[in-house]
1. Could you check the simple spin-label distance between A:K217 and B:K164, using points 7 Å along Cα→Cβ, in nm with one decimal?
2. Under the 0.36 nm per residue contour assumption, what length would be gained going from the current alpha-carbon distance of A:F341 and A:E167 to full extension?
3. Taking only Cα atoms and a 10 Å spring cutoff, compute GNM fluctuations for chain A and point out the largest among A:D64, A:D238, A:D76.
4. Which residue fluctuates the most in chain A, going by a Gaussian network model with Cα springs under 10 Å, if the choices are A:G293, A:G106, A:G208?
5. Which translational diffusion coefficient, to the nearest whole µm²/s, is obtained for region A:210-291 from the Stokes-Einstein equation, given a Kirkwood hydrodynamic radius over C-alpha pairs, 20 °C and 1.002 mPa s?
6. Taking H placed 1.01 Å from N in the peptide plane, check which residues at least 5 places from A:M314 or on another chain put their amide H under 5 Å from its amide H.
7. Which value results for Rg/Rh of chain A when Rg is the Cα radius of gyration and Rh the Kirkwood radius based on the inverse mean 1/r?
8. Step by step: find N for region A:175-322, compute 2.2 N^0.38 Å, then divide the Cα radius of gyration by it. What's the final number?
Amino acid sequence: MKRRSIKLIVLFILMLIVSCNDPETVVTNYVHPDGSVTRKIEMKSIEGDIKKRFKISNIQVPIDSNWTIRDSCTVDKKGDTTWIRRAEKVFKSIDEINLTYKSDSGSNKDFSRNAGFNKRFKWFNKEFRFFERVDKLLTFGYPVKDFLNNEELRYFYSPEKLKEENENGPDSLKFKALSDSVKHKTDKWTEKNLVSEWIGEFSKLATGKTNNDMIIKSLRAREDEFVKIIEKNDKQLDSLWKNGILLREFLGEENAVKYKTEADSALSIVTKNMFANFNNYSERIVMPGKLIGTNGFIDSSHLLLWPVKSDYFMTEPYEMWAESKIPNTWAWIVSGFFLAFVLTGVIVRIIKKG
Amino acid sequence: MEPGNEKYNKVLDLLRKSKPDLDSTDDIKREVIKRIERVNHSRLSLSDLVDFLFGWVYIQWVRRSLITASIALVLVFIYQQSVILKRIDYLSRQTIVTERENGSAPADEVEKMFMVYRNSGRRFPTKNITISEKQMKELIESVNELQLKYKDLENLIQEDPELKKMIEKKLIENNRTKNNL
């Protein structure tokens, strides 16, 4: 038993090592008033092998040979080399970006992502909205906002650097408590999603079988009970599942045997969805004119920043958006003249009447 | 009638009938017309222009419509600007992240992945992985080290009967909890 656990831990470490090999990537979108976008990607890697270093299949966002690419490197005090690749391309419209997402062959190719841009004429100003969205992974999951309050939500979506700073700053106690609370609640959220998703997938697979509706209803009604068992017995969960104890508890002796295949398949689907092999990266947006709204964070270069992590789009689409405005100078002049004209007319009338 | 007055009247008649001999009548005519036009023109530019531009003030519905449009324009301006200023003020109060976010997985995320792994029946989805030779060596070394430590721990338990008893008791307790469920 112990040996098996060690092997599993090693496998887990192996998985982490693999994910560490991917370059650290920051994508910056420079949005222009005509809807064109200059997209810049900065990738940093410590990989020594030149062939593997910036392999397209390892990069988090779509990129190809049509991009203007510049390579450089930095050597730190210890003598470790960091390789930096900067790629740039001008997209004439948002549709071009969406096309590249559709034909992506990078490490996050299995995730549905898209961008959008719209321009609104509001007489005194022209308003622009740009967004990038990652579609949700789970079909039957619960939104994270059902589990966290506003302050916790803000913390949950915060970039790691900001979290670190807060936890080491003057209000460290407050932020550590907040961090613990978020961790506890998101653990619960994950467990609830796991159960809900399993029930959802199981109901899909068991469609058409006798007593199906009743079983699903009963499973849904006992969802919280299911979650509590997971919480209590997380270490023995695999054996509970393999021995059929969990299924017998919730489906009954007869149904546990009858629906064993569907239950196992549903668990495989859920595991695959929840273990989504997503490689994190950061997204930045630079809007034309004056920024008036965003759901992102502001980094040291005064650019908008969003961390992109799989947790964020587990149960809801993750949209990174920014809005800005450019004043319509001609509209201001026309309005000024119009007001002066009407005001003079009113004064003339008052004088003539007097 | 006095003879003096008669003479006077005759002279006056004579003078009236004898017209002056003008050599440039056209010039005089042009000059007179010009002066008349200038007088008329100055009168037109003041009143006519005002009437032309602001004649609408005497038509009630036009006057009311234009005033309403002006008020609406001012209100739209005030509303738009206040909404924008409010949003900008909210943005300016946002915390600035001092450094760029990187792509590596933070510790709590790793923990969460591990939790999901445990809760999902300890299964990983199948996928291809590639690691460098150096990393593989490091991995094998750490596994060997872990195995050595495990052996040491096993020997330690075997040598100490009390410790062995305690661990066995704990294992039995664990199994009971499993079976009770």
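Rule-based calculations on the coordinates, nothing more; no lab input. Values in this document were obtained by computation on a predicted structure and should not be read as measured data. Ideal geometry is used to build each Cβ from the backbone, glycine not excepted, and the neighbour counts take in all protein chains shown.
1. 5.8
2. Going from the current span to full extension adds 56.6 nm.
3. Per the Cα network of chain A with a 10 Å cutoff, A:D76 tops the list.
4. Between A:G293, A:G106, A:G208, it is A:G208 that shows the largest mean-square fluctuation.
5. 137
6. Correct list: A:L137.
7. Values: Rg = 27.0 Å, Rh = 24.5 Å.
Result for chain A is an Rg/Rh of 1.10.
8. Region A:175-322 yields a ratio of 1.39.
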